[in-house]
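Here is the structure we will look at.
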Amino acid sequence: MSSSGDAEAEAEAEAEYFSKDFEWEEVRADVESNPSFRYHLLPFQPSKSQTESDVRAWKRFHVRHSSGKFFKERRYLLKEFPELVSSAPHTKLLEVGCGNGSTALPILRANKDVIVYACDCSDETLERAKEILGAATIVAFSHRFRTFCCDVSTDGFPNWLVCNPCRDRVLQKPSMCLSDVKHDNGMHSTNPFKLEGCECCIGGVDFVTLIFTLSAIPLERMPRFIKECFDVLNPGGMVLFRDYGLYDMTMLRFEEDKRVGFREYMRLDGTRSYFFCLDTVRDLFVGSGFTELELDYCCVKSVNRQKGKCMRRIWVHGKFQKPVLN
């Protein structure tokens, strides 16, 4: 797991904006005509036990890789999403599934005006992220890097990100936030980050980044997850999306007994991964009210220097906007 994971991390770190080293259709033709890959294409009905929360598995994963060496700083995101660099002062960004801060760090370095709210399902991981960011530079990030523990796929976002009265003030259609139906767990009633004199909430965010996050939750929870992202965004705000693409090399390496759903797989450590086609991503986001701005495969040839093998990596790049109100 660790050696292959290091190779994956290295490939991600070297990825370039909208790379087209090969065409996705070429890979699709190769895979779908190869009998040894047939099981990847078959329908699959997951059992109830396979759809239970795997938060504990991800917590163990982050503890194992707490040194910070497993994930490399994702500087390529600044090229893929230039909005992260050229945003207005006091821009608020929500990083969902922040891990050890490999996405937040290059954003904070490149943009002195952005405030990053970072959430993860593991308190230990968030503490490690703060340690890594604190040691990365002389310039203090503490006032622009705010962390909170949250499993969005089951609990929803806390109300202090944006409360219903504030939604009403921007004339959005009344809608019940999923977190409103949850029992108050201490996160939903008060604003721990009081900004600009607002006691109830921070007034929503301008960007949400989903970087290899959505694929880690079961497919049936994804619509709810994305609706939560829609609700916390201000009108005109964007989701910046990057995740595993269908027929990526890592998908084809999973053995048949690791399937837990159609295009869903479980690793030996209990963490899961889903592999997206463009239509699935489009249906999820547009179905939640977003407007599609960009959506494409990022196809990269990466060489494993240790084994001398060429790897065909496939990711999905997307930008989705919450409609601006009239």
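The values are calculated or read from the model by the stated rules, or taken from the named source; none is laboratory data. In this text the structure is predicted, and so the values were computed from the model without any measurement. Cβ sites come from the backbone with ideal geometry, for glycine too, and all protein chains shown count toward neighbours. Note: areas computed on protein heavy atoms with side chains; ligands, DNA, RNA excluded. Shrake-Rupley method; radii C 1.70, N 1.55, O 1.52, S 1.80 Å.
Quick notes
- Above-threshold pairs, the threshold being 21 Å between Cα atoms, out of K130/K227; K20/K307; K79/K112; K92/K130; K227/K322: K130/K227; K20/K307
- Exposure check, 1.4 Å probe, all protein chains in place: E26 carries approximately 100 Å² of accessible surface.
- The accessible area of C149, taken with all protein chains in place and a 1.4 Å probe, comes to roughly 40 Å².
- Theoretical FRET efficiency, 1/(1+(r/R0)^6), r = Cβ-Cβ of C310 and L268, R0 25 Å, to 0.05: 0.50
- F145 contributes about 20 Å² of solvent-accessible surface, heavy atoms of the protein only, 1.4 Å probe.
- Based on Cα atoms of segment 217-326, Rg over Rh with Rh as the Kirkwood radius reads 1.04.
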